[in-house]
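Here is the structure we will look at.
The values are calculated or read from the model by the stated rules, or taken from the named source; none is laboratory data. The structure presented is a predicted model; accordingly, all values stated were derived computationally and were not measured. In this analysis, Cβ positions are derived from the backbone assuming ideal geometry, glycine residues included, and neighbour counts consider all displayed protein chains. To get the accessible areas, we keep the full protein, side chains included, count just its heavy atoms, and leave off ligands, DNA and RNA. Shrake-Rupley method; radii C 1.70, N 1.55, O 1.52, S 1.80 Å.
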Amino acid sequence: MSRLHLFLIYLCISLSAAELFGPEKRKNKEKMAEDDDPPEDSEAKAKATMEYLTRLRQDLVYLQNAADAMKDKVEKDEEIADTLKGPMLDTGTRSSKDQDTEYQKGETGYDDIFSTIQDLSVEKEPELTPELKEAKELFDAAMQKLERRSADVRGAVQQVQRAAERGYAPAKVQLAWSYIFGEGLDLDIDKGKEIFEELANEGNADAHAGVGFLYATGLGVGVSQARALLHYTLGALGGSDFAQMALAYRHWAAVTVPASCPKAMQLYMKVAAKVAGKVSLSGGPAVQRARLLDEAEGGGGALDTDLIEYYQLLADKGDVQAQVGLGQLHFQGGRGVTLDVRKAQHYFQQAANAGNAVANAFLGKIYLEGGDGVKADNETALRYFRKAAELNNPVGQSGLGLMYLQGRGVPRDTTAALKYFTMAANQGWVEGQLHLGFMYFGGIGVRRDFKQANKYFSLASQSGHVLALYHLAQMHAQGLGVLRSCTTAVELLKNVCERGAWSARLMSAHGAWRARNSPAALTQYLALAERGLEVAQSNAAFILDIGESALFPGEQRYRRALQLWGRAAAQGCAGARLKLGDYHYYGLGTPLDLEAAAYHYRIASEQLHSAQATFNLGYMHERGLGLARDPHLAKRCYDLAADSSPDARLPAALALARLHAAAAIDHIAHTVMESPLAWLLLSAESSLQTSWDVYLIAALAAALALVVLLRRPPAAPPAPPNH
């Protein structure tokens, strides 16, 4: 590589850094923040100037490191050139396409240069003092309890509090969230805000994410989307998964920033890599996504305690199916049951003693992975997997294939692994499909085939397996076996990110809601809503809609609920789209707009198949509200609503009866205007147009109309047609 090329590369790095960190970029950010900020005093300006100079010095250090690394590389290249006497040197005549290919393959030799430069956006953890080491151990133990969804939440949070008092920064961040979520402590947003601001001033990325959340939602501070965006950006640069997800969602959904699929994909990719790196081959704990709107309409929620106790009673009496069901609940968690591997092992062991194939297979999974007091044992896992596979159980077949693939307890045999994975996949088991995808993707034991890998990853992703979704996203992002698609890749990556450890917060929030702690449930749902989770957005909007939380009193709650309904509706939630129509129809949080209401009802009806939205369109057509008055279209809407949902049949039947009665009265009123009954008929018709509770009047008018018709002489038969 010639000196000229090295100099050009160095110049590009310098210009890029100047553009990213230069005064103009900072000026634009400050201008954005000033939209919501009061004028700063001289002291604040001086502080901002000092911060800018500090960052500028850091930038200069970064560029100096880059220059030193470049210089070292040039000297090494010169030494090599002297040794080889020139023939092997790059003359710089290759095409840019060749250079791009070499860059993608990592053959240019410059990745080692940039790996030597310290990334200033990621702070290296300093050497911990003995006191901080003890605090870290205390904090890690507490987080393990919280991640296992331990019932002793208050005790775990108290451990976090003790670690925070000793100055351990991650513990302080977790304590701040505990105050905001009301988790193990009394909800106190001001205390959480103080901790976040203190740590943010020290440059903590997770604290910047917390401050961004407060400004985005208006909790404890005035709403400022510009400030929220600024803090999210700083947090994302520092590696905060909360900030990266929030910023990625904003770029994906064009929330306060222009839509940008590449930026969303870049941010989601970072978080998805963290999530995929922590997920086991089993897919991780289950998370129940309860929707409060559905529960309010009679949908199911978590399993009742009485029902769980009933299953336990059956299991203790030897009911094998109850034992297997309870074992799976405790193995994966969810539906109001605490994740507990020891209890799962207990119930599976009872069912396995009775010869149940599923229990044998899951015992194999427990001994293969170990954890939570259960020591991993390959021989025991192999024994249980064999028993399950002999009974043609796909879980056991997949487990046996994995042991052959990894050579755990048996000699490594990719052919046997392929056979067992295929048997499991043919029975629809997600892990068999996933491992087949891995084998075809990597060419392990078979010829590499990206199309086959895509097929099996797609099948596994339908069950929501995180690793399948992640690898499928990578294939769409890079165009391996499929057409390259940023949109599809982002949607898949978003799905992966929403299955991270933080998704368990959905169940914590639901538990707070069932315990009638609406403020705690609302703040937890709001945090997940900022990450882009549609269920959290609709649940937070629901709590605001019914006025259960005093955090946002008065008309303010309707405006915030409208925003959340809009974000959830944009992600395909039918109930949220229906609520958008209701808010515009009644003028809640927005000026009354019947045309906008009809627009949202039509989307919910035609695209999301909402029976309620179809019924509402019929009513608006019947009365001429925001739509042209058309009894025929109204009847069609009522019929469609009745056909699409059994619950809509009775309301649709009553509406159709009223519609027919109004039509009959209108006809009679125009044919018997000279009759003394005309005034009564017209009065009844007018009542039908102004009230829902006039069915008695309509029936009376219809009866009178029938009497009049019966007394009228029969009409003369029509004249025969002329031939």
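Points to keep in mind about this one:
- For Gly218, the residues 5 or more places off, or on other chains, whose built amide H falls under 5 Å of its own are Ser224.
- Environment charge of Asp630, counting only residues whose C-beta is closer than 15 Å and scoring Lys/Arg +1, Asp/Glu -1: +2
- Packing around the peptides 403-413, 539-549, taken as the average count of other Cβ atoms within 10 Å per residue, puts them in this order, highest first: 539-549, 403-413.
- Accessible surface area normalised per residue over region 126-208 is 51 Å², counting heavy atoms of protein chains with a 1.4 Å rolling probe.
- The mean sequence separation of alpha-carbon pairs under 8 Å and at least six residues apart, normalised by the residue count of region 396-457, gives a relative contact order of 24 percent.
- Taking the protein heavy atoms of region 454-539 in the context of the full set of protein chains, the accessible area attributed to carbon and sulfur is 46 percent at 1.4 Å.
- Rounded, prolate or oblate (a/c below 1.5 giving rounded, otherwise prolate when a/b exceeds b/c) for region 569-657 by Cα gyration tensor: oblate
- For the peptides 500-509, 133-142, 391-400, the ranking by mean Cβ contacts within 10 Å, running from highest to lowest, is 391-400, 500-509, 133-142.
- R0 of 30 Å, Cβ-Cβ distance Arg386-Ile308: FRET efficiency to nearest 0.05: 0.40
- Residue pairs, from the table Lys317/Lys387; Lys193/Lys263; Lys278/Lys387, whose Cα atoms sit over 26 Å apart: Lys193/Lys263; Lys278/Lys387
- Neighbour net charge for Arg602 - beta-carbon separation under 12 angstrom, K R +1, D E -1: -1
- Relative packing of 643-652, 197-206, which averages over residues the other C-beta atoms within 10 Å, highest first: 197-206, 643-652
- Put a dot 7 Å past the Cα of Asp643, heading toward its Cβ, do the same for Asp666, and the two dots end up 2.3 nm apart.
- Gyration tensor (alpha-carbon) shape descriptor, region 118-274, a/c threshold 1.5: prolate
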